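The values are calculated or read from the model by the stated rules, or taken from the named source; none is laboratory data. Quick caveat, the model's predicted, so the values are computed rather than measured. Glycine also receives a Cβ, built like all others from the backbone with ideal geometry; neighbour counts cover every protein chain displayed. Remember, those area values only see protein heavy atoms, side chains included, never the ligands or the DNA or RNA. Shrake-Rupley method; radii C 1.70, N 1.55, O 1.52, S 1.80 Å.
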Amino acid sequence: MATLIHTLADHSDDVNYCAFSSSCLATCSLDKTIRVYSLSTLAELPYSPLAGHTYAVHCCCFSPSGRLLASCSTDGTAALWDTRDGRRLAVLEQPGASPVRVCRFSPRAPWLLAGAADGSLVLWDVRSLKLYRSGKVKGGSLMACAFSPNGNFFVTGSSSGDLTIWDDKMRCLYNEKAHDLGVTCCDISSHPVSDSENGFKYFQMASCGQDNQIKLWLILFADFLGVQLKYKCTLNGHSAPVLACAFSCDGQMIVSGSVDKCVIIYETSTGNTLHTLSQHTRYVTTCAFAPHSPLLATGSMDKTVHIWQLDLKQTYAGDTVENESKVAVEDWSEDDVSAWLCAQDLADFVGLFKMNNIDGKELLNLTKESLANELKIESLGLRNKILQKIEELRMTVISVSVPDEFLCPITRELMNDPVIATDGYSYEREAMENWISTRRSSPMTNLPLQSLMLTPNRTLKMAISRWLESQQK
């Protein structure tokens, strides 16, 4: 189930793009601004909106650390912003000054990819703020791009309908005519899948276009084999051009937005439609899943961004998929941990973890110190990557094991001091107090609150206490 929990209506013109970091949501618009919101409260940050572009802002994205926000515009530039205070750190001018349509950070290297209407694409080094590499697609505008999970390759999509695969030296490795009337968006899942024919690990890529279709592809990035792209299937459901597509963090779902004003959520493995959302009143231009919480953002030419909460106990292909519960993870064997490492692109650590008898319980208890001192993993980057994956696992465990009614609708965390607001919903006191300090509307309905009075929900607090006690037995 997907529930509309909030609507952002701060932009004065079409919303072109939205992007999540682990703690923020950024949106950009034809109104020349970028707006940034806190995920914990959905309140706009004090330094927002970010102004500086002289024409429409087409795309925005966060760096892997979340410290940088990039935006690009019809004014022929990409801009870098500091997400801590909103300072504009740099203005990167596209060669030829063509309108910049899309931008993406590399997941591993300090690069920002910017693609423009004249087909030019540039890799910027965000440390030196200098141009690292440049290239150009043939016969069309650059409309879409996505990096491989290791950052060594990237895919671009053009208005001519081509998907092109490049390496980090800006060499064109492969080209495929994918959508007859033009590619509008593409995304690559960070979770590998096995190919039964040869046993290699492929990544799934989604592309969408003016032909009303979403296509799924299997893409292999391997230095020793080169690049392979295999068509998998086509997802139908939209009755008009599809403008946006994105994978969920776990790769199990794909969301799309269309000129038909609808948002469709599909199950990746079967292509089945899970939800069709039709609350936008004009073209849906962008959609994005949050990385570490069950949230989805969709933006539209109706000037709004809808925030949806997803039920992670969704029924997939007739079976209830509940991402591993806390008990299940704690009961993982060493082989289960090995399988998890492989799924997280951490297969190099299987031997080390087995040698140290890391089972599910030990996995959940790993810390920065134990990785460095006990497992002797010297690389800070690798330690951080492992910890990030473990934290994702912990957050998934928490999000699906705690009864939904015990979670604060604002923070999505277990409530400690629940209170009832005049909209009839219960919230964590501190979160709700912070919310009403800046606005007088309900977080759940977006309607005005009749009063700001908060009443302790003692019955709910007792129920949470009893549930916590049961978990400790």
*asked:* For the range 150-160, check the following and say yes or no: at least one residue is open to solvent by 20 Å² or more (accessible area, probe 1.4 Å) and part of a strand (DSSP E or B).
replied: no
*Take the residues of the range 24-59 that are of a type in the set (D, E, K, R) and within 22 Å of the chain's Cα centre (by Cα): which is nearest to residue 117 (Cα to Cα)?*
35
*Any idea which of (1) open to solvent by 20 Å² or more (accessible area, probe 1.4 Å); (2) more than 24 Å from residue 291 (Cβ to Cβ); (3) out of contact with any Pro (no Cβ under 7 Å at 6 or more places or on another chain) is the one residue 164 doesn't satisfy?*
(1)
*Could we say that residue 234 is over 16 Å from the mean Cα position of the chain (by Cα) and over 17 Å from residue 310 (Cβ atoms) here?*
yes
*asked:* What pairs come out if I take residues in the range 198-210 that are within 13 Å of residue 165 (Cβ to Cβ) and part of a strand (DSSP E or B) and pair them with residues that are modelled with pLDDT of 65 or more and among the acidic types (Asp, Glu) whose C-beta lies under 9 Å away, six or more apart or interchain?
replied: 205/187; 207/187
*Check every one of the strands (runs of 3 or more DSSP E) wholly within the range 233-305 and list those with 3 or more residues that are assigned by the TED database to the domain that holds residue 219 and open to solvent by 30 Å² or more (accessible area, probe 1.4 Å).*
273-277
*Is there any pair linking a residue in the range 1-19 that is over 14 Å from residue 35 (Cα atoms) to one that is surrounded by fewer than 16 Cβ atoms within 10 Å (Cβ to Cβ) and at pLDDT 95 or above, with Cβ under 6 Å and at least six apart or on different chains, and which?*
none
_Qualifying strands (runs of 3 or more DSSP E) (wholly inside the range 62-126; at least 3 residues being open to solvent by less than 20 Å² (accessible area, probe 1.4 Å))_ = 68-73, 77-82, 100-105, 111-116, 120-125
*asked:* What's the total number of residues in the range 157-189 that are of a type in the set (S, T, N, Q) and at positive phi?
replied: 0
